[in-house]
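Scroll down for the structure; my scribbles are underneath it.
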Amino acid sequence: MSGAVPWNEARAQEIIDAHLGLEGPALPILHAIQEEFGYVPEAAVPQIAQSLNISRAEMHGVVSFYHDFRRAPAGRHVLKLCRAESCQSMGSEKIAKDFLERVKLEWGGTANDGSLTVEAVYCLGLCAHSPGALYDNEPIGRVDAEMLDELAAEARNS
Ligand code: FES
């Protein structure tokens, strides 16, 4: 599912340099790094910090503040479950908690066989079909336990 390439410092620097002219380049750079490598490698943080002339601590703060950025490579498939208000009102928290228990994962975790990463998102614009989810970027509405188990099984088998 992901076209991520292995970490490469020179390629990361090209990505950073391509965004330096932007106003507020930190987030676009992080998104582009994640797009390229599938996550934001630890090694990218000081590299970006140095290019932006900010401290590593500040850069770490940015990376950890936003839920969008992965700190480790994702599994073959990524399931994002919405935790925002409308979905919560339709029982998403319990559905997600029970599912995470069944697959023995925590938020942001990846199954040992590398099949599936489960992440939280905060509103997918699917509120009318809450609870909402994304499976490999495909939107899914009215998520329930059975659906999630089917997706986990599909992830294991592909
Ligand atoms: S609150 Fe979950 S899709 Fe909007």
### Task
Work out how far the C-alpha atoms of region 7-63 reach from end to end along every principal axis, then list the three figures in whole Å, largest first.
23, 22, 16
### Task
Would you grab the residues whose amide H sits under 5 Å from the one on residue 70? Only those 5+ places off in sequence or on another chain, please, with H modelled 1.01 Å from N.
40
### For the chain, fraction of C-alpha pairs farther apart than 26 Å, in %
34 percent
## Note on the structure
Subtracting the Cα-Cα distance of residue 112 and residue 13 from 0.36 nm times their residue separation yields 32.5 nm
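Would you work out the relative contact order for region 75-155, in percent, from Cα pairs under 8 angstrom that are 6 or more residues apart?
39 percent
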### Query
Under a point spin-label approximation (7 Å from Cα along Cα-to-Cβ), what is the residue 56-residue 5 distance to one decimal in nm?
2.6 nm
### Task
Would you calculate the separation in nanometres between label points at residue 23 and residue 85, each defined as 7 Å from the Cα along the Cα-to-beta-carbon direction?
2.9 nm
### Query
For the chain, what is the accessible area per residue in Å², given a 1.4 Å probe and the full set of protein chains?
56 Å²
### Message
What Kirkwood Rh does region 75-155 have if only Cα atoms enter the pairwise 1/r average? Answer in Å.
### Response
12.2 Å
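At a Förster distance of 22 Å, what's the computed FRET efficiency of residue 157 paired with residue 100, Cβ-Cβ distance as r, to 0.05?
For R0 = 22 Å, the calculated efficiency reads 0.65.
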### Query
Using a probe of 1.4 angstrom, how much of the accessible area of region 7-63 is carbon and sulfur, in percent?
49 percent
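The values are calculated or read from the model by the stated rules, or taken from the named source; none is laboratory data. All figures in this text were calculated on a predicted structure; none of them were measured in a lab. Reconstructed Cβ throughout: ideal geometry from the backbone, glycine too, with neighbour counts over all protein chains shown. These area figures cover heavy atoms from the full protein model, side chains too; ligands, DNA and RNA do not enter into them. Shrake-Rupley method; radii C 1.70, N 1.55, O 1.52, S 1.80 Å.
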